[in-house]
Structures are given as C-alpha cells and as structure tokens.
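*Asks:* Sharing a structure, written as structure tokens. Questions coming.
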Amino acid sequence: MEIMEERMSLLSVIVPCYNEEESVELFYSELFKNQPFFDEKDIDVELLFIDDGSRDQTVAEVKRLRAQDERVRLISFSRNFGKEAAMYAGLEHSKGDYVVIMDVDLQDPPALLPEMYSYMEEGYDSVATRRVTRKGEPPIRSFFARLFYRLMKKISKTEMMDGARDYRLMTRQMVDSILAMEEYNRFTKGIFGWVGYRTKWLEFENVERAKGETKWNFWKLLLYSLDGITAFSTAPLMLSSFMGVLFAIIAFLLIVFIIVRKLIFGDPVSGWPSLVCIILCTSSIQFFCIGIVGQYLAKTYMEVKRRPIYLVKEEL
Ligand code: UDP
Ligand code: MG
C-alpha cells in the first residue's frame, strides 16, 4: 500500500519536424523505450510534434500515432517557419514541469534521458548536451562550425558551447524565462546561455541521422551563423570605427613620407596607379562596413514589425 502520495511530474518532449515522415514513428518507439524509467520515476509524458509546414506525410504520421496514444500532440504550422520557430512554439504550448527538446532524426539519443533526469534530481536547472565528435559530417562544415564558436567566444558575452545541440532538459522556470525573450530573430543556442541557470553538460559521440536527410545545406548554415552573430554580438559594428582609426594613421604616415620625399628628392609624378589602388581599397572597406550596419538595421527592422514568430494551422 502506498503511504505517501507523490504528485506525478509531467515531462514535455518537444520535437520539431520538417518533412520527416520516415522518422516520426521510429522516434516514437525509441522514446518510449524509456517507459520503464518513466514508470519508475512517476513521470507522465506529453509528446509534442511541431510540424514546421511539412509537405510530406509527417502530419498524417503524427495523427496516426495520436489515434493510438493520447500523449501525442500535434501543432502544425501554416508554412515552414524554421526550426527556431518550431522550438519556440513547442515551448509555448508545453505544460510540463520539465521540458526537453529533441530532433526527430534520433541524432539526439532518447536513451540519454534517464541520465539527464538524474542530474535534474541533483538540483540542476538544465541538462544540456554537446557532441564531442563530428564524425560523418563534411569536413568543411565542421571547420566553419568550429570557427564560428571560436569567434563567438571572442565577440559575445553570452556563453556558447562548441558542438552544443538543442537537445536540452529544462525546468519550467527556465522555459518561462526563455519564453519571456520574445525576440523575432531567435538563436536558441545563445538564448539558452543568456538566460543562465545552473547547467550540466553531457557529452556524447555524434550519431548519424537515422532516416531521411539533413534540412541544412552549407549556405543555410552560414546565414544561420550570421543570425547568431548579429543576435548576440554588436562587435562587428565596432569594425568600421577601428578601420577608420587604422586608415587615418596609415594616411598620416603616408603624408609625412610623401612630404619628406618631395623635400629631399623632388617629385617625379608617378602616383596614379597607387592612388587608384588606395581609393578602391578604402571604398570597398566602406561598403563592407555599411553592409554590416545594414545587417543590424535589417534585424532591427524585423524586430520592430513585431510579426508573430509562427502561425498555427492545426492543433491537436
Ligand atoms: N527542422 C525543422 N524545420 C526546418 C528544418 C529542420 O523543424 O526548417 C527540424 C528537423 O525536422 C529535425 C531538426 O529540426 O528534427 C534538425 O534538423 P536536421 O536533422 O535536418 O539538422 P542537422 O541535424 O543536420 O543539423
Ligand atoms: Mg539531424
């Protein structure tokens, strides 16, 4: 007979899906391999599939699962809004005392959940994961990813861990803090770091995608990393000031040099090509810096519009 009645805690599992018809069911069965653990810890689960405007059978797959299992929920977007929007929608709709975000392609192994949960019991507010290897990834992608994290370490005050995944278990309190950040240009890896809280990092070896293929190409990732930079650092805006000072110094030294040369040697006129080079060089740097300002202006413009981050077409 049970003497103490302990309240069941609810765990929300948020899974962004974009054209993932092959992975949905596989993910479901993989996740509920943890059922003995959920039972042992008295954890109720709600599984939120966020359909990010898929054009394949993803929604039908989720509905099929829902017909068998009440714990499955579906939020379907009116079009593709991107993974960031899907994660935000998931967090907004989640009701759990604990919330975890996972990819549907099993690159975030559900088998790690019990270990993650054990750290929450120890009193951490969040358990985050990072992969220590990038096995199976194109080398050029790894190279730029590393470069990005090294750069961010220098130019941003917000902590961002190399290889960090969005796979993270959080308390309700931390989720509410994340939701309080209503910015339109969302870069969750930075947002996690920005809100703080006591975080435990778990490391795991890279797992290759179970089914289907990656939704990110090199170009998309590059643009995403630029989003990350503009969202969490204003250091690039300083660049034009630095360049200005640097070029003023160079110009001053050149003027002195030219005057001295004129006084000592006289001046055979021969400055045309070098003059053209200098003009081209400085004006291209000016354009580059205006471009940087433009990036921030564009982001500010989008924020000011205060458009919704996503639109729901259907919710079950
Ligand atoms: N995803 C999404 N919207 C998008 C792109 C991706 O919801 O516009 C989801 C995708 O279904 C997957 C997760 O985000 O569950 C990670 O995507 P993917 O596996 O393609 O990225 P990678 O692991 O290659 O970085
Ligand atoms: Mg993946």
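*Asks:* Kirkwood Rh, region 173-227, all Cα pairs: how many Å?
*Replies:* On the way: mean 1/r = 0.0708 Å⁻¹.
One decimal place: 14.1 Å for the Kirkwood radius.
*Asks:* Let me know the Kirkwood hydrodynamic radius for region 125-273, please, with Cα pairs as the basis and the value in Å to one decimal.
*Replies:* The Cα-based Kirkwood calculation yields 19.3 Å.
*Asks:* Using the Kirkwood formula on the Cα atoms of the chain, what hydrodynamic radius do you get, in angstrom to one decimal?
*Replies:* About 22.6 Å for the chain.
*Asks:* On C-alpha positions alone, give me the angle between the axis of helix 139-155 and the longest principal axis of the chain, in degrees, nearest 10.
*Replies:* 80
*Asks:* Most fluctuating residue of N217, N80, N34 in a GNM of the chain with Cα springs under 10 Å: which is it?
*Replies:* Per the Cα network of the chain with a 10 Å cutoff, N217 tops the list.
*Asks:* In nm, to one decimal, how far is the modelled label at Q57 from the one at E70, with both set 7 Å along Cα→Cβ?
*Replies:* Modelled inter-label distance: 2.8 nm.
*Asks:* Just want to confirm a number: the relative contact order over the chain, from Cα pairs under 8 angstrom separated by 6+ residues, in percent. Please list the in-between numbers first.
*Replies:* Values: 435 pairs, mean separation 68.5, N = 316.
Result for the chain is 22 percent.
*Asks:* Note the count of lysine pairs whose C-alpha atoms are less than 24 angstrom apart in region 179-283, limited to pairs 8 or more residues apart or on different chains.
*Replies:* Final tally of qualifying lysine pairs is 4.
*Asks:* Let me ask another. Going by C-beta contacts inside 10 Å, put D44, D51, D227, D108 in order with the fewest on the left.
*Replies:* By the 10 Å Cβ count, ascending: D44, D227, D108, D51.
*Asks:* Using the number of other C-beta atoms within 10 angstrom as an exposure proxy, rank S274, S225 with the fewest first. List each step's numbers first, then the result.
*Replies:* Working: S274 10, S225 18.
So the residues, fewest neighbours to most, are S274, S225.
*Asks:* Further, regarding this structure: Where the centre of each part is set by its Cα atoms, how far does region 71-128 sit from region 229-307, in angstrom?
*Replies:* Centre-to-centre (Cα) distance: 46 Å.
Read the figures in this text as sums done on the coordinates, not as results from a lab. What you see is a predicted model, and the numbers here were worked out from it, not measured in a lab. In this analysis, Cβ positions are derived from the backbone assuming ideal geometry, glycine residues included, and neighbour counts consider all displayed protein chains.
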